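I have placed the structure first, in the form of structure tokens, so that the comments after it can refer back to it.
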Amino acid sequence: MCKNLKIKLLGLGFVISVLGCDKKDEVKQEPIRLNSFSMNLNDQLWEPSFIDNDTCFSTFQCEYFKVDDNIFYSIKAYKDSQSRTNYTSENIFRLQIKGVDSTGVYEVSEPFESFNSYAYFIINESGNQKVYENSVTKITSVVTIEEIIPIDFSELIGIRGSFSGILYNKVNPNDSIVIDNCKFTFKRTNWYDFSQCDE
């Protein structure tokens with residue numbers, strides 16, 4: 001009886017060890033980041049806020065839409081100590097590009113309206129708001145689209161590119177800010193939240 005029990009236990013141990021060998025250690029894969037956005041504001045790095053310190057959730061997004069034959073990309077980015085993503089955010093950057101149908105350089109020189117190419121930056125500080133906009137009388141802001149990115153199983157189209165420009169205080173044109181080295185990649189657009197990673 002003892003001998004049979006030992007044999008059974010040995011057999012059970014062998015089966016467990018074989019099953020254990022077949023099952024590889026599960027390695028948690030890092031999520032794949034689809035979107036990115038960063039820029040320099042007056043020679044200082046400016047990046048959108050993280051939500052709950054999660055690098056996959058950052059407060060920027062891009063909307064793709066068409067009006068007649070014009071393709072638009074509307075980019076919004078927020079930087080705020082409390083990760084707010086509305087008009088009360090400490091910093092708000094908005095960039096809209098009209099007529100993007102290929103790679104190339106696109107001028108940003110129209111007034112802030114629904115179906116124009118424009119850029120603006122808002123600073124909310126101590127109850128005061130400053131609004132900086134692109135010039136409409138001279139070309140001081142441009143977008144370079146470096147890649148058009150088809151999105152699998154979707155009619156939406158992503159982009160990769162950059163922006164540089166001088167934006168002027170809406171109240172005092174002698175006050176301006178410089179944005180350069182603004183780089184963005186959107187392999188996901190029109191998303192319902194601020195998730196920037198593959199799920």
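The values are calculated or read from the model by the stated rules, or taken from the named source; none is laboratory data. Just so it is clear, the structure is predicted and the values come from calculations on it, not from any experiment. Here Cβ is always computed from backbone atoms with ideal geometry, including for glycine, and neighbour counts include all displayed protein chains. Remember, those area values only see protein heavy atoms, side chains included, never the ligands or the DNA or RNA. Shrake-Rupley method; radii C 1.70, N 1.55, O 1.52, S 1.80 Å.
How about the range 167-184: which of its residues are surrounded by fewer than 18 Cβ atoms within 10 Å (Cβ to Cβ) and either basic (K, R) or in contact with a strand residue (DSSP E or B) (Cβ under 8 Å, 6 or more places away or on another chain) (or both)?
Scanning the range 167-184 gives N169, K170, V171, D175, S176, I177, V178, D180, N181, K183.
Being out of contact with any Phe, Trp or Tyr (no Cβ under 9 Å at 6 or more places or on another chain), under 25 Å from T59 (Cβ atoms) and buried (at least 16 other Cβ atoms within 10 Å of the Cβ): is that true of S164 here?
Taking the combined requirement at face value, the residue satisfies it.
Within the range 44-72, take every residue that is in a loop (DSSP other than H, G, I, E, B) and in contact with an Asp or Glu (Cβ under 8 Å, 6 or more places away or on another chain) and give me the one that is farthest from I151 (Cα to Cα).
S49
Considering only residues that are under 17 Å from the mean Cα position of the chain (by Cα) and open to solvent by 30 Å² or more (accessible area, probe 1.4 Å), which ones fall in the range 150-161?
Result: P150, I151, L156, I157, R160.
When only residues in the range 56-114 that are among the aromatic types (F, W, Y) and either open to solvent by 60 Å² or more (accessible area, probe 1.4 Å) or touching a His at 6+ places or on another chain (Cβ under 8 Å) (or both) count, which is modelled with the highest pLDDT?
Result: F57.
Among the residues that make up the range 9-24, is at least one of them modelled with pLDDT of 90 or more and of a type in the set (V, I, T)?
Checked the range 9-24: no residue is modelled with pLDDT of 90 or more and of a type in the set (V, I, T).
Can you tell me which residues in the range 120-130 are touching a Leu at 6+ places or on another chain (Cβ under 9 Å) and without any contact (Cβ under 8 Å) to a residue 60 or more places away in the chain?
Y120
Against the condition farther than 30 Å from P31 by Cα, charged (D, E, K, R) and open to solvent by 40 Å² or more (accessible area, probe 1.4 Å), how does K187 come out, does it pass?
So K187 fails the test.
Please determine whether any residue of the range 123-141 is open to solvent by 30 Å² or more (accessible area, probe 1.4 Å), closer than 16 Å to K183 by Cα and either assigned to a strand (DSSP E or B) or in contact with a Cys (Cβ under 8 Å, 6 or more places away or on another chain) (or both).
Within the range 123-141 (the criterion being open to solvent by 30 Å² or more (accessible area, probe 1.4 Å), closer than 16 Å to K183 by Cα and either assigned to a strand (DSSP E or B) or in contact with a Cys (Cβ under 8 Å, 6 or more places away or on another chain) (or both)), the answer is no, since none of the residues qualifies.
Within the range 73-122, work out how many residues are part of a strand (DSSP E or B) and in contact with a Gly (Cβ under 8 Å, 6 or more places away or on another chain).
Selection size over the range 73-122: 2.
Within the range 150-199, count every residue that is hydrophobic (A, V, I, L, M, F, W, C), under 30 Å from K130 (Cα atoms) and not in a strand (DSSP E or B).
3
What pairs come out if I take residues in the range 143-162 that are closer than 17 Å to Q196 by Cβ and pair them with residues that are hydroxyl-bearing (S, T, Y) whose C-beta lies under 7 Å away, six or more apart or interchain?
From the range 143-162, the pairs are L156/Y64; L156/T189; G158/T189; I159/Y73; R160/T185; G161/T144.
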